[in-house]
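This report concerns only the one structure given below.
The values are calculated or read from the model by the stated rules, or taken from the named source; none is laboratory data. From a predicted model like this one, the values you see are computed outputs, not experimental measurements. Using ideal geometry, Cβ is built from the backbone for each residue, glycine included, and neighbour counts are taken over all protein chains shown. Keep in mind that these areas ignore ligands, DNA and RNA; they rest on the heavy atoms of the full protein, side chains included. Shrake-Rupley method; radii C 1.70, N 1.55, O 1.52, S 1.80 Å.
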Amino acid sequence: MTSANLSPALTPAKDIPEALRADGFAVVSAETVAEISKIPLANLERLTQFWEGLPRDPYLKDGGRYRFRRHASYEVKNNVLTLVPHRAHWQSVDYNALHGGIERWFEPIQANVINDPAWQAVLLGLANVLSGLKPVTTWFIEAHQFRIDTTDGIGRPTPEGAHRDGVDFVAVFLLERVGIKGGETRIFDAKGSAGLRFTLTQPWSLLLMNDERMIHESTPIQPLASYGYRDTLVLTFRANGFQDSPNRSQQ
């Protein structure tokens, strides 16, 4: 695994499709995220306040108290973003050996986020970029607000380990790192041994991956003093409908 440079090369907006084709991933600056979203960066940065007060994730099988999250699902068709009725997050055990095979009903993302034009612009901007790479009729998008903290002394961004998500593309935005060490991103070629490790530090910087080609994980975080946390936004894009349990329930 390449380890010499923990600040990865950044991909400009015009080169993102080619980077995804050639390398399977792109690392994008916050300024470029704002560019593809067609909004000022300050509008994005104002969204970060909505990561305060996230409810605790009740599904962690390791008994941890370190993960907080909210969830929402969307469809994008003809460049129109539509929020779909709240639904469970579900992955098969093929993609998540730890938490797969169960319906996880997370609390919905709140209306003040859902209705924020900057939030909508990020989702539509990425959908537009990805449609240029893989033309689809409808993108099925899941959005996850995450906070990982050090309540128990250590927080695990990916307790399931290195994994794929069973979608077409995964976008991981780093929003904040406060009082922590660790949280290093590691990505691997799913069909080989090549890999890269780096640490996202700029608020609203982005790791965008072709999920069919790349396996990813983030290393645990520890506090520099008494307490710290790491906030992220994860968006997944899938062309063939949402992943749903064979025994899907309604809530």
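General observations
- Test: residue in the range 214-222 that is open to solvent by 20 Å² or more (accessible area, probe 1.4 Å), in contact with a Leu (Cβ under 8 Å, 6 or more places away or on another chain) and among the polar types (S, T, N, Q): no
- Positions within the range 28-41 being open to solvent by 50 Å² or more (accessible area, probe 1.4 Å) and either in contact with a His (Cβ under 7 Å, 6 or more places away or on another chain) or assigned to a helix (DSSP H, G or I) (or both), in sequence order: GLU31, GLU35
- Check on GLN243, assigned to a loop (DSSP other than H, G, I, E, B), open to solvent by 10 Å² or more (accessible area, probe 1.4 Å), on the phi < 0 side of the Ramachandran plot and among the polar types (S, T, N, Q): yes
- Tally, over the range 135-184, of residues that are touching a helix residue (DSSP H, G or I) at 6+ places or on another chain (Cβ under 8 Å), part of a strand (DSSP E or B) and open to solvent by less than 20 Å² (accessible area, probe 1.4 Å): 8
- Long-range neighbours under 8 Å by Cβ, at least six apart or interchain, first residue under 21 Å from LEU207 (Cβ atoms) within the range 104-124, second of a type in the set (D, E, K, R) and part of a helix (DSSP H, G or I): ALA118/ARG46
- Qualifying residue in the range 205-212 (condition: within 28 Å of ALA88 (Cβ to Cβ) and modelled with pLDDT under 95): yes
- Condition broken by GLY132, with the remaining ones in (1) more than 26 Å from PHE68 (Cα to Cα); (2) crowded, with 22+ Cβ neighbours inside 10 Å satisfied: (2)
- Neighbours by Cβ (under 9 Å, 6+ apart or cross-chain): first from the range 212-226, outside any strand (DSSP E or B); second open to solvent by 80 Å² or more (accessible area, probe 1.4 Å): ARG213/ASP23; ARG213/LYS191; THR219/ARG156; PRO220/ARG156; LEU224/LYS181
- Which numbered condition ASP57 fails, given (1) in contact with a Gly (Cβ under 7 Å, 6 or more places away or on another chain); (2) open to solvent by less than 20 Å² (accessible area, probe 1.4 Å); (3) modelled with pLDDT under 95: (1)
- Total residues in the range 69-92, condition open to solvent by less than 30 Å² (accessible area, probe 1.4 Å), touching a Pro at 6+ places or on another chain (Cβ under 7 Å) and either assigned to a loop (DSSP other than H, G, I, E, B) or of a type in the set (A, V, I, L, M, F, W, C) (or both): 1
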